[in-house]
Amino acid sequence: MTNFLHYFQIADADILIRILVSIILGFSIGLERELTNKSAGLRTQIMVCLGSCIFTILSIYGFSTAVSLYPMGDPARVAAQIITGIGFIGAGTVLRQGLTVTGLTTASTLWIAAAIGMACGCGKISIAIVSAVFAIAILVLIRIFEFKILPGNLKHMRKVKLSFVCKYSDYEMVYKKLIDIFPEIIDYSYKTIDDEADYVKISAKICSCDKAPVLCIYKKLDDMKNLHSVSVKEIFD
């Protein structure tokens, strides 16, 4: 029993350190995803990083006897399949609605978490730690750069359809004010809705970079008291 414990402590101490580091680094990436309320958070990132580490360790050391018997064998074959497997998990985090695609960044963090886990499994702890630090820095700093420095980035552009009714006598004033408030109008149309042409229905499509474009447009229309039946909705085409 003593010999067994001695063997376990000496032979596997380095491997246990690799596994522990993979858990810590997976936690650090998962924490950033969790704080930003993404689908793949703490547990997912930790399990991906840990699983990749264990598969890599098994790929290197688990088949050492087989390699000695069959020199033409490939000890990295199991580790190579990690990349394919992570592709299936990452695909589950990607969502598409119209022209809007979400979840690509989360899918990429699963990919880098797997790479970090593989680095841990190979014993390249320094590479794993540096990679994790860079990954977290990119996730945090680039997000700040996109929203602070590039507020008009087309990636965040959304289309919103605005419809409302106003009196024909107010139409010219409403049109001018609409252009002043929303210079980013990309489509505009109007038509009379009764036989006497007293009322006009106006429809417009607007591009917005706001996180909540519908709410922001409603707020901008608060000052226009002569509007009726206002409808604002985000569109995906």
Lone qualifier among 13, 40 - being at pLDDT 75 or above and either out of contact with any helix residue (DSSP H, G or I) (no Cβ under 9 Å at 6 or more places or on another chain) or not in a helix (DSSP H, G or I) (or both): 13
Filtered residue count, segment 36-61, keeping only those that are of a type outside the set (A, V, I, L, M, F, W, C) and surrounded by 24 or more Cβ atoms within 10 Å (Cβ to Cβ): 3
Residue within segment 76-92 that is at pLDDT 75 or above, among the polar types (S, T, N, Q) and out of contact with any strand residue (DSSP E or B) (no Cβ under 7 Å at 6 or more places or on another chain) present: yes
Meets criteria (at pLDDT 80 or above, surrounded by 19 or more Cβ atoms within 10 Å (Cβ to Cβ), farther than 28 Å from residue 235 by Cα and in contact with a Gly (Cβ under 7 Å, 6 or more places away or on another chain)) for residue 112: no
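The values are calculated or read from the model by the stated rules, or taken from the named source; none is laboratory data. Predicted model, so just to flag it, every value in this text is computed and none were measured. Here Cβ is always computed from backbone atoms with ideal geometry, including for glycine, and neighbour counts include all displayed protein chains.
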